[in-house]
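Right, one structure below, let's go through it.
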Amino acid sequence: MRNVVVALAVVFTVLLLAYATYLGALGPIPPNDLRELAKALLERSYRPWNPFNTSMCPEAVTAVVWDFRGLDTVFETVVFYGAIVATLALYRTTSRSLGLVGERLSLIVRYATLVSVPMILIVAAATALHGQLTPGGGFQGGAIAAVAPVVALVVFGRRKLLDLGVTYVKALIVRNLALVAIALTALGPLIAGIVLGIDAYVLQNQGKVGAPLSYPPWILDVPSGGSVILFNIFEALAVAAGFTLVFLTLALDEETARRELVGEDRGW
Amino acid sequence: MVGDPKTLVALIVLFSLYANLGASMYGVIARKNLVKKLICLTMLGDTVNVFAILVGYRLSRGGTPVPPVFTEWSKASEKLLANFVSRSVDPLPQALVLTAIVINLAVTIFLATLILYTHRHFGTVEMDRVSEMKKGELVDEVEVS
């Protein structure tokens, strides 16, 4: 009976939403033309002939993510790492107890992994470093890079990964340094502005009228997107390290993980 | 007009998205198994994301729409940029969806860990059985005190 009521309520809600769409709540779908906001964003993402009103980033989505809506992305990063910290905090004691064993897989799988792991890392680096020119960016690159330690964890076992130097503490250090670098990149123009005695803004990428500080818009003859490429690199490192931390922790054997629950039999 | 193939495809996509939305909402509310609830929650998030992408899509007169990447940057001119703007899809929903995916992922990691803990503590991820065990523990505590 309860399920029938829930099903009816869900059907009613979905029909209501569908009717709103039919009445044009979301505009025509698919739209015939771009909104003015979208046109403004596309026009300003890359136009080198107007250096005071562009982000010098031909990939408009990355320009939106790290320049036009940079503050939004900074807080998104805070939420993401908040969730990772919350996950790790649940394993507060076992995170320090290393020296665990894991079964490795067969020779064929191990050699195939040895070939594929560097390739995964190359694709990740290309995705992050080209984020301002082609689809991709810091988060995507970091997420791809995080696949490498996960595959290695399953194929070689946790201990081998720790022997190779991919440890909890190192991943933590990389993640924290990358987060500090993101903060410094965001605050860099402001600090430089205070030192030089000129106007500057937090998350400023290219110079504006009255606030002339800019991150270098070119790397040799390729557009760098100014601060966008720095954000992409640091975000990729932070995401890859954050995921590695979580996977190293989740890969604990059942016996060790259960030690966390000792003394918590009551009080739920 | 439904007779137009592009509109027909958009209608089919919209219909399937609403069906997906209903199925995932039902799963989140009615399923007893926490793992299935989590799967339905990720389905719900992905469906809403596809909605946002669809709203940011556009029909382009005189050619197919292009991704919001200005590929001709090496010979950029005002004319090429205007041509790009006239054909590109909206970059803003894509950026917002990227943010939503990251937040979704963070929430999924946290919820998966909590479900893992629930399983370790109670030996099950069925909500009804967990509630019964919690009631039993409460009775025990009252009797002890």
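The numbers here are math on the coordinates, done by the rules we state, and not lab data. Just so we're clear, the structure is a prediction, and the values are computed from it rather than from any experiment. For neighbour counting, all protein chains shown are included, and Cβ atoms are generated from backbone atoms with ideal geometry for every residue, glycine included.
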On the given criteria, is A:VAL174 surrounded by fewer than 15 Cβ atoms within 10 Å (Cβ to Cβ) and either within 23 Å of the chain's Cα centre (by Cα) or not acidic (Asp, Glu) (or both)? no
Here's a check for you: in the stretch A:22-39, which residue that is in a helix (DSSP H, G or I) and within 32 Å of the chain's Cα centre (by Cα) is nearest to the other protein chains (Cβ to nearest Cβ)? A:ALA38
Hits in the stretch B:29-50 (condition: farther than 21 Å from B:THR99 by Cβ and buried (at least 17 other Cβ atoms within 10 Å of the Cβ)): B:ALA30, B:ARG31, B:LEU34, B:LYS37, B:CYS40
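Going by the conditions given, is A:VAL61 at the interface with chain B (Cβ under 7 Å from one of its Cβ atoms) and within 29 Å of A:GLY188 (Cβ to Cβ)? Reasoning before the result, please.
Working: at the interface with chain B (Cβ under 7 Å from one of its Cβ atoms): yes; within 29 Å of A:GLY188 (Cβ to Cβ): yes.
Answer is yes for this residue.
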Given the conditions (1) within 28 Å of A:LEU15 (Cα to Cα); (2) more than 9 Å from chain A (Cβ to nearest Cβ), which single one is not true for B:VAL66? (1)
What are the residues in the stretch A:42-58 that are of a type in the set (S, T, N, Q), within 21 Å of A:ASP221 (Cβ to Cβ) and more than 7 Å from chain B (Cβ to nearest Cβ), if any? A:ASN50, A:THR54, A:SER55
I'd like to know if the stretch A:139-158 contains one or more residues that are closer than 26 Å to B:TRP73 by Cβ and more than 19 Å from the chain's Cα centre (by Cα). no
Give me the residue from the stretch B:37-61 that is touching a helix residue (DSSP H, G or I) at 6+ places or on another chain (Cβ under 8 Å) and assigned to a loop (DSSP other than H, G, I, E, B) and, out of that set, farthest from the other protein chains (Cβ to nearest Cβ). B:SER60
Scan the stretch A:67-84 for residues that are of a type outside the set (Asp, Glu), facing chain B (nearest Cβ under 7 Å) and surrounded by fewer than 21 Cβ atoms within 10 Å (Cβ to Cβ) and report the count. 2
With respect to the numbered conditions (1) crowded, with 17+ Cβ neighbours inside 10 Å; (2) out of contact with any Leu (no Cβ under 8 Å at 6 or more places or on another chain); (3) of a type in the set (Asp, Glu), which one is the sole condition not fulfilled by B:ASP90? (2)
So is B:ALA95 facing chain A (nearest Cβ under 8 Å) and either in contact with a strand residue (DSSP E or B) (Cβ under 9 Å, 6 or more places away or on another chain) or part of a helix (DSSP H, G or I) (or both) or not? yes
Taking the stretch B:86-102, which residues are in contact (Cβ under 8 Å) with a residue 40 or more places away in the chain and within 11 Å of the chain's Cα centre (by Cα)? B:VAL97, B:ALA100, B:ILE101
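What is the residue count in the stretch A:34-52 for residues that are in contact (Cβ under 8 Å) with a residue 12 or more places away in the chain and among the polar types (S, T, N, Q)? Quick ask: steps written out before the conclusion?
So in the stretch A:34-52, the residues in contact (Cβ under 8 Å) with a residue 12 or more places away in the chain come out as A:41-42, A:44-46, A:48, A:51-52.
Adding the requirement that they be among the polar types (S, T, N, Q) leaves A:45.
The number of residues fulfilling the criteria is 1.
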All but one of (1) surrounded by 16 or more Cβ atoms within 10 Å (Cβ to Cβ); (2) more than 10 Å from chain A (Cβ to nearest Cβ); (3) more than 28 Å from B:SER24 (Cβ to Cβ) hold for B:PHE84; state the number of the condition that does not hold. (2)
